[in-house]
Amino acid sequence: MSLMASFVRASFIVPENIGTNPQSMLLLLPLVVAIAVIYKVTKMPKITAVSFIKEVVILSGSIVIFITIIAITLFAFIWLTTE
Amino acid sequence: MAQRSEANNVGFLMVIAILAWAVPGAGHYMLKEKKRSIIIFVTIVIVFLIGLYVGSIGVINPIDSKAWYLAQIMNSPIVAALGHLTSSAPEKYRVFGRPNEIGQYYTSIAGLLNLLCIINAVYLGHLRGSNLEYPTPCKSGG
């Protein structure tokens, strides 16, 4: 097996080292974009590059904004009830 | 004659569902929706591979994570082969903590998104068979 193939194989056998830090929340973003892409690809009657990208960006942005609002609300609630 | 046509249509829808499960996007490709099929294939494969890269193939665990496995297997039958591999040597492929969590999220959501695409492909096939148009819920399409 070539070195490249061994490297690719090892990448999928050994897990990555991901800490429980705030930066790890950024892994949410690709998932949000994927959900928006699949939702729009099944919903749009006609797909053109510009309209599709526009719809995906709007939906992804909406999801991220609402998640942020919910996170801030929960943080505020916990802060008010524990301080 | 009409009964035979209906049976053919059900058979066609079954073929679309099985193809869409075997290869993400293949159901739409059968319906000549090439743009949709390419977008579906690329998106689902990338999300699934990110999950495997982050958490390793150990995130596919049919013994200890049955609920996650149910969602993961909607990606493709290949997941069953990976599940067989990881369950044959659980100590070798075991993964814990955050990588396991993130990997399971990605692979399971990829599977559920593919399930949505399978249902959509079957629905589109049904509309084509009934000579109905693509539904437009609102002007922007969503």
Averaging 1/r across every pair of distinct alpha carbons in the stretch A:18-74 and inverting yields a Kirkwood hydrodynamic radius, in angstrom, of 12.6 Å
Per-residue Cβ contact counts at 10 Å, fewest first, order A:73, B:43, A:42 as A:73, A:42, B:43
Across A:13, A:63, A:53, the residue with the highest GNM fluctuation in chain A (Cα network, 10 Å cutoff) is A:13
Counting Lys and Arg as +1 and Asp and Glu as -1 over every other residue whose Cβ sits under 13 Å from the Cβ of residue B:120, the net charge comes to +3
Scalar couplings 3J(HN,Hα) for the stretch A:50-62 by Karplus 6.51 cos²θ - 1.76 cosθ + 1.60 (θ = phi - 60°), nearest whole Hz, x for Gly and Pro, are 5, 5, 5, 4, 4, 5, 5, 5, 4, 5, 4, x, 4
Most exposed to least, judged by fewest other Cβ atoms within 10 Å, B:48, B:96 sort to B:96, B:48
Taking only the alpha-carbon positions of the protein assembly as shown as identical scatterers, the Debye log10 I(q)/I(0) at q = 0.12, 0.18 Å⁻¹ comes out as -0.77, -1.28
Taking Cα atoms, the helix B:97-129 axis meets the longest principal axis of chain B at an angle in degrees (rounded to 10) of 10 degrees
Note, the stretch A:11-20: 3J(HN,Hα) by Karplus (6.51, -1.76, 1.60, θ = phi - 60°), whole Hz, Gly/Pro = x, goes 4, 9, 10, 9, x, 6, 8, 10, x, 9
Taking chain B and counting helices only, DSSP H stretches of n ≥ 4 at -39,500 (n - 2.57) each over all residues, the nearest-500 ellipticity at 222 nm comes to -23500 deg cm²/dmol
Taking max minus min of the Cα coordinates of the stretch B:6-129 on each principal axis, largest first, gives extents in Å of 50, 27, 17
Connecting every pair of Cα atoms under 10 Å apart in chain B and solving the GNM, the largest mean-square fluctuation among B:110, B:20, B:81 falls on B:81
With residue A:24 itself left out, Lys, Arg at +1 and Asp, Glu at -1 over residues whose Cβ is under 14 Å from its Cβ give -1
Scalar couplings 3J(HN,Hα) for the stretch B:18-29 by Karplus 6.51 cos²θ - 1.76 cosθ + 1.60 (θ = phi - 60°), nearest whole Hz, x for Gly and Pro, are 5, 5, 5, 6, 5, 10, x, x, 5, x, 5, 4
The exposure ranking of B:23, B:59, A:8, fewest beta-carbon neighbours within 10 Å first, is A:8, B:23, B:59
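Rule-based calculations on the coordinates, nothing more; no lab input. Remember, predicted model here, so these are calculated numbers, not experimental data. Backbone-built Cβ (ideal geometry, glycine too); neighbour counts: all protein chains shown.
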